[in-house]
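Take a look at the structure set out below.
The values are calculated or read from the model by the stated rules, or taken from the named source; none is laboratory data. Note that the structure is predicted; figures quoted are calculated from it, not measured. For neighbour counting, all protein chains shown are included, and Cβ atoms are generated from backbone atoms with ideal geometry for every residue, glycine included.
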Protein chains: 2
Amino acid sequence: MSTFQYPKLDLKTPVPSDIDIASDAVPLPVSVIASEAGINQDELDLYGKYKAKVHLSVLDRLADRPNGKYVVVTGITPTPLGEGKSTTTIGLCQALGAHLKKRVFSCVRQPSQGPTFGIKGGAAGGGYSQVIPMEEFNLHLTGDIHAITAANNLLAAAIDARILHESTQTDEQLFNRLCPVAKDGSRRFAPVMLRRLAKLGISKTDPSELSAEEVSSFVRLDIDPSLVTWNRVLDTNDRFLRGITIGQGKEEARFTRSTQFDIAVASEIMAVLALATSLADMRERLGRMVIGTSRKGVPVSADDIGAGGALTVLMKDAIMPTLMQTLEGTPVLVHAGPFANIAHGNSSIIADQIALKLAGADGYVVTEAGFGADIGAEKFFDIKCRESGLIPNVAVIVATIRALKMHGGGPKVTAGAPLDKAYTSENLELLSAGTDNLLKHISNLGKFGVQVVVALNRFSSDSNAEIELVLGRAKAVGARASVMCNHWAEGGQGAVELANAVVEACSVEPNFKYLYPLDLSIKEKIETIAKEIYGADSVEYLPEAEKKIALYTEQGFSKLPICMAKTHLSLSSDPEKKGVPKGFVLPIRDVRASIGAGFIYPLVGTMSTIPGLPTRPCFYEIDIDLKTGKVIGLS
Amino acid sequence: MSTFQYPKLDLKTPVPSDIDIASDAVPLPVSVIASEAGINQDELDLYGKYKAKVHLSVLDRLADRPNGKYVVVTGITPTPLGEGKSTTTIGLCQALGAHLKKRVFSCVRQPSQGPTFGIKGGAAGGGYSQVIPMEEFNLHLTGDIHAITAANNLLAAAIDARILHESTQTDEQLFNRLCPVAKDGSRRFAPVMLRRLAKLGISKTDPSELSAEEVSSFVRLDIDPSLVTWNRVLDTNDRFLRGITIGQGKEEARFTRSTQFDIAVASEIMAVLALATSLADMRERLGRMVIGTSRKGVPVSADDIGAGGALTVLMKDAIMPTLMQTLEGTPVLVHAGPFANIAHGNSSIIADQIALKLAGADGYVVTEAGFGADIGAEKFFDIKCRESGLIPNVAVIVATIRALKMHGGGPKVTAGAPLDKAYTSENLELLSAGTDNLLKHISNLGKFGVQVVVALNRFSSDSNAEIELVLGRAKAVGARASVMCNHWAEGGQGAVELANAVVEACSVEPNFKYLYPLDLSIKEKIETIAKEIYGADSVEYLPEAEKKIALYTEQGFSKLPICMAKTHLSLSSDPEKKGVPKGFVLPIRDVRASIGAGFIYPLVGTMSTIPGLPTRPCFYEIDIDLKTGKVIGLS
């Protein structure tokens, strides 16, 4: 028997600020967390005392062990304030582990540093349900996002440099530089070049045997500068990089080009990290990422540029999930955090795989899907689970009385502004009108054949009558269970009923299915999601979208799953339409593709891919206490 | 007695490639290296098995211990191929530690990732004198450069966002956002705002007491967009970012501005990291970095923007040096790597401080100064030692027969092209004509009152007559010792004679002095360096330089030391002038200031601050061996 003791919470009322709770907590050494989680010390790379990378060799060691139960936490259509999915994920795991003594793992996303210093603040849960140390979680962690930035921008630099070099050199000059003659007169292809040769249908492996025509097709990627889709990235909220012109230095001045930076978590490399199932799979995905199109319309890949191997080397540590802990000492795997609109918004497959093996037959893995269930959960099932082959057992859907009242017609909810009285005192009328949004999401989740458990995330101003109303309705439309939880104020103890409901729901044999088969056309797949999940009457394609659908179909990419880039603030494409909008047409403005990650992403409306800073960013309060060395002011 | 055993080298002939030697080596666990180095386990944060951050608390624990001997490794004016300063630094330490059984530390710079994937390849020494694991050393290490990138770019984003917000809001709107009214009606200044108030001479601490005029001067930084000197950075060789226009997004389009990216190691934050003497000192330096000038000519600082604390938080782990090891198991502290032209090109003061305490009275710390002795060593003495107050004992100057022949009139040496026969066979005439460059550097180093030891870094083609010629002449002009070393081929064993010479030279009481006092004018300081060290007849100032000298003098920055931004390929400003140029005028094109780091840097000629990628970058060969997980192709 293990002598492991879950740390006890010292609950205070009123609940202190997140950082005060987090700084008062004394984390266990991560080596203790690892050992209790069944991770061997040689499978662990410590990063300081409270974070550690977990080696993928765990998967080999436990290949024959059955997986644990697989639980996804999702939510109703939220207010701009968020309804507590992360907090519920952590609270549920604290309950399952520290209170029900089950073996349990939380799998969560690494947050972008941009919002930490911008508007939103940190993202490690809240109240008495948090990942600690919260400053480690919200800052560099173990460097994965920095590795993505480095890899993304190496590829970007290589693209423009290649365009420049091709424009100033003859075929022969290019070939002599790409395959230089060695001192002994020999010349060879770098291994990555064989991939390009294979793509061109050239099976020769001796450079000297290539015909002039073959040399030309080998050395000339002939990238159309106006069709480069690969952007540079930074993990910073820098709105002035949303539209830029590059190449205005003296030596490059003939080659100016309009482009933009995205936030690092919007990089396709982040989506690749999240969807890779092994190191070898990540290497292949990184190499086949498409960065643009040649003047003849051929997609150009990272391996065509020669960079697939180098990108993999830059990502070799990032592929290992980071082990941390909750306030009650249960293990957390933090790994990947792709944008939830232009990407799929879910933490990594690899972390889930590792956690499911470590959990074993009697254990539980709770993973969070970004945004509301129409986006995050649909992508979890149709993209992430399809790539991994893993079968989810239960979907927990987080709801709040506040958000349901908004859906019932309550006044607009705005971050930073005080909440209207309708939200802070009993109002059964608004609430009753708004429960439809929850019921629609429950019905949607049912289409995937998983058991649905509703977690009503309690706020102190919620009345018992309000709570009863929601729980009753949810049960009536087929939720397996529907429970109130109060883990923000009480930690795991506040989610014990939820945990019991999840355990019970996991006892049902899953009947999991995808919403659509991959062999439908791109349009058929889009329409299935729009009608079945969003409730749209039909879909409208703008000319740019039509053009891209034709292009991707011609290029052979039509069998990929669909990753809708839609607002999370409405089931429709209009963030102002609350509740369950009906009779609307879903407009597809443009369609893009992440070929390495492996999905097509239709743009429903305009998506900002790099946030900005407000007049008074969070950073004004952030500093180090020079006496204690502790971080202060992080929210 | 410790049971520690230095790993034995298995020397091969011919010497294998750097990566082959490095991958064949089995590093000791870094916890063993730490323990042997006298670092307690609670002063160590492991980053995997072979890297660890060392806490600054070592300095408190050992405050009363005497420092070790302080040795700086510098070089003659090099060829573009480099003459082996890093390799000599490592080889000398392997000799002192593994062979002479002295307590010894190498303090080296962290390399930029740009060149690793670009032209130059890695930078961990070479042959049998290397820091291992070399792929860790050359890639993310412990994330310090990534932290610098994040901090630098947060400040950059904040500058442009602030200009935008000031342009669209009244004084009152700005004030209401910067100091919002809380629920209870109170309002307060964030602590960092008190710094700006103090600068403005406002001693009030209650926002409601400020007059309208005070509010206006508080909220309006009034930055002149054309006078912003703070650039964004990436640790990538991306030449297309040398000249860019930002702010062309739809919502920012009125605020376009021309700017550029630099390589991350050129960030002033890197120079701050290298020159900080404690966490509190780093906090002050980061806050006082000047990012530009207001329309009224007032310097605007990072603390004016409100970001000094947040930058410190982003840099809180980066301030700890990273412990690694040489091929023979001696400890290495890797920390900071500021650009050697626009900054001072030396590793950190903090690493040297820690190493000197750990070494103790009988021990040795060997630190490397970038570029030739006219630049790296002069800045080591006049900037780094002045900031730290540390007294150097010995300067080792690395010379090669190859470089001396170049100075004697040998044919041009170009990276990538085969070496002329003059360099690979005996040529006493060229060599004799070229030794002047070495003698000038020896004489320069003597001006600082340190003992000089010449290390002639042997190449296999050097003849005994050539070696004798150099060693004899060096001795004759006052070098304490002058020895041939062969650590590249033999590891520490090849540098034992050098190590003995260094030990002997360290027994002399140092008579250290700076080249110039700080209270000279900017021009007097520039002229002292130009005449005494470079051998210039006089200095010429272009109008932009005159203007800036007047500005910085008026702003009160004239008492800072000078950090010359000059080519390292000649003692003069013309890289083509080899040997010891005479009768030249040193042109100062422009003058800039790093107020946080604490130096003025005159630009002698044009400096590229972000390299580019060649047609065939190093990354073509870099990949992961998917069977072993090892990095391949890193050079």
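The conditions of being out of contact with any Phe, Trp or Tyr (no Cβ under 6 Å at 6 or more places or on another chain) and hydrophobic (A, V, I, L, M, F, W, C) are not met by A:Ile588.
Here is a yes/no grid of residues against (1) within 26 Å of A:Thr116 (Cα to Cα); (2) exposed (fewer than 14 other Cβ atoms within 10 Å of the Cβ); (3) assigned by the TED database to the domain that holds A:Pro133; (4) not acidic (Asp, Glu):
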{"site": "A:Lys8", "(1), (2), (3), (4)": "no, yes, no, yes"}
{"site": "A:Thr13", "(1), (2), (3), (4)": "no, yes, no, yes"}
{"site": "A:Gly48", "(1), (2), (3), (4)": "yes, no, yes, yes"}
{"site": "A:His55", "(1), (2), (3), (4)": "no, no, yes, yes"}
{"site": "A:Val58", "(1), (2), (3), (4)": "no, no, yes, yes"}
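Hey, any hits in the range B:79-91 for a residue that's free of Cβ contacts under 8 Å to residues at least 60 places away in the same chain and of a type in the set (A, V, I, L, M)? Checked against the condition, which is being free of Cβ contacts under 8 Å to residues at least 60 places away in the same chain and of a type in the set (A, V, I, L, M), the range B:79-91 yields no hits at all.
Just to be sure, is A:Ala264 away from every other protein chain (no Cβ under 12 Å), in contact with a Ser or Thr (Cβ under 9 Å, 6 or more places away or on another chain) and under 27 Å from A:Ser608 (Cβ atoms)? Taking the combined requirement at face value, the residue does not satisfy it.
Yes/no per residue for (1) among the acidic types (Asp, Glu); (2) at pLDDT below 95; (3) within 19 Å of the chain's Cα centre (by Cα):
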position: B:Asn138; (1), (2), (3): no, yes, yes
position: B:Leu141; (1), (2), (3): no, no, yes
position: B:Ile148; (1), (2), (3): no, no, yes
position: B:Asn152; (1), (2), (3): no, no, yes
position: B:Leu155; (1), (2), (3): no, no, no
position: B:Ile159; (1), (2), (3): no, no, no
position: B:Leu174; (1), (2), (3): no, no, no
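The residues on offer are B:Thr229, B:Thr236, and the sole one that is within 28 Å of B:His146 (Cα to Cα), buried (at least 24 other Cβ atoms within 10 Å of the Cβ) and under 22 Å from the mean Cα position of the chain (by Cα) is B:Thr236. One residue stands out in the range A:456-465 among those that are at pLDDT 95 or above and surrounded by fewer than 18 Cβ atoms within 10 Å (Cβ to Cβ): the one that is nearest to A:Glu426 (Cα to Cα), namely A:Ser463.
Considering B:Ala474, B:Ala403, the condition of being buried (at least 23 other Cβ atoms within 10 Å of the Cβ) and modelled with pLDDT under 95 is satisfied by B:Ala474 alone.
For the range A:391-413, a residue qualifies if it is within 24 Å of A:Ile354 (Cα to Cα) and out of contact with any strand residue (DSSP E or B) (no Cβ under 6 Å at 6 or more places or on another chain), and exactly one does: A:Ile391.
Conditions tested, residue by residue: (1) in contact with a Gly (Cβ under 8 Å, 6 or more places away or on another chain); (2) of a type in the set (A, V, I, L, M, F, W, C); (3) modelled with pLDDT under 95; (4) not in a helix (DSSP H, G or I).
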{"residue": "A:Ala318", "(1), (2), (3), (4)": "yes, yes, no, yes"}
{"residue": "A:Leu333", "(1), (2), (3), (4)": "no, yes, no, yes"}
{"residue": "A:Ile342", "(1), (2), (3), (4)": "no, yes, yes, yes"}
{"residue": "A:Asp352", "(1), (2), (3), (4)": "no, no, no, no"}
{"residue": "A:Ala355", "(1), (2), (3), (4)": "yes, yes, no, no"}
{"residue": "A:Leu358", "(1), (2), (3), (4)": "yes, yes, no, no"}
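Here is the figure for the range B:214-226: residues that are in a helix (DSSP H, G or I) and under 17 Å from B:Gly297 (Cβ atoms) total 3.
Looking across the range A:21-46, just one residue is of a type in the set (A, V, I, L, M, F, W, C), surrounded by fewer than 18 Cβ atoms within 10 Å (Cβ to Cβ) and without any contact (Cβ under 8 Å) to a residue 24 or more places away in the chain, and that is A:Val26.
Quick check: is even one residue across the range B:196-212 within 12 Å of chain A (Cβ to nearest Cβ) and either modelled with pLDDT under 95 or in contact with a helix residue (DSSP H, G or I) (Cβ under 6 Å, 6 or more places away or on another chain) (or both)? Yes: one or more hits.
All of B:Ala156, B:Ala147 fail the test of being under 17 Å from A:Gly612 (Cβ atoms), at the interface with chain A (Cβ under 8 Å from one of its Cβ atoms) and in contact with an Asp or Glu (Cβ under 9 Å, 6 or more places away or on another chain), apart from B:Ala156. For the range B:593-635, the set of residues classified as surrounded by fewer than 20 Cβ atoms within 10 Å (Cβ to Cβ), outside any loop (DSSP other than H, G, I, E, B) and in contact with a strand residue (DSSP E or B) (Cβ under 7 Å, 6 or more places away or on another chain) consists of B:Ile632 only.
For every residue, the table says whether it meets (1) on the phi > 0 side of the Ramachandran plot; (2) surrounded by fewer than 24 Cβ atoms within 10 Å (Cβ to Cβ); (3) not in a helix (DSSP H, G or I).
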| position | (1), (2), (3) |
| --- | --- |
| A:Glu429 | no, yes, no |
| A:Asn444 | no, no, no |
| A:Val454 | no, no, yes |
| A:Ile467 | no, yes, no |
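Summed over the range A:51-75, residues that are farther than 20 Å from A:Lys384 by Cβ and aliphatic (A, V, I, L, M) total 3. One residue is enough: does the range A:82-98 have a residue meeting the conditions at pLDDT below 95 and out of contact with any strand residue (DSSP E or B) (no Cβ under 6 Å at 6 or more places or on another chain)? Yes, the range A:82-98 contains at least one residue that is at pLDDT below 95 and out of contact with any strand residue (DSSP E or B) (no Cβ under 6 Å at 6 or more places or on another chain).
Go through the range A:274-284 and give me each residue that's assigned to a helix (DSSP H, G or I) and closer than 16 Å to A:Ala147 by Cα. Listed by number, the residues that qualify are A:Ala274, A:Leu279, A:Met282, A:Arg283. Restricting A:Pro66, A:Pro80, A:Pro14, A:Pro7 to those that are within 14 Å of chain B (Cβ to nearest Cβ), assigned to a loop (DSSP other than H, G, I, E, B) and not acidic (Asp, Glu) reduces the list to A:Pro14. Looking across A:Lys523, A:Lys440, A:Lys531, A:Lys475, one residue alone is among the basic types (Lys, Arg) and out of contact with any strand residue (DSSP E or B) (no Cβ under 9 Å at 6 or more places or on another chain). It is A:Lys440. Restricting attention to the range B:227-259, the residues being of a type outside the set (Ser, Thr, Tyr), more than 7 Å from chain A (Cβ to nearest Cβ) and assigned to a loop (DSSP other than H, G, I, E, B) number 3. Hey, does the range B:596-612 have a residue that's touching a Lys or Arg at 6+ places or on another chain (Cβ under 8 Å), of a type in the set (S, T, N, Q) and at the interface with another protein chain (Cβ under 8 Å from one of its Cβ atoms)? Checking the range B:596-612: not a single residue is touching a Lys or Arg at 6+ places or on another chain (Cβ under 8 Å), of a type in the set (S, T, N, Q) and at the interface with another protein chain (Cβ under 8 Å from one of its Cβ atoms).
Return the residues of the range A:84-110 that are crowded, with 24+ Cβ neighbours inside 10 Å and either assigned to a loop (DSSP other than H, G, I, E, B) or of a type in the set (Val, Ile, Thr) (or both); say none if nothing qualifies. Within the range A:84-110, A:Gly84, A:Thr87, A:Thr88, A:Thr89, A:Ile90, A:Val104, A:Val108, A:Arg109, A:Gln110 qualify.
Scanning the range A:285-307 for residues that are in a loop (DSSP other than H, G, I, E, B) and in contact with a helix residue (DSSP H, G or I) (Cβ under 6 Å, 6 or more places away or on another chain), which turns out nearest to A:Ile354 (Cα to Cα)? Per the criteria, the residue is A:Met289. For the residues B:Thr326, B:Thr277, the requirement of being more than 13 Å from chain A (Cβ to nearest Cβ), closer than 27 Å to B:Pro27 by Cβ and at pLDDT 95 or above singles out B:Thr326.
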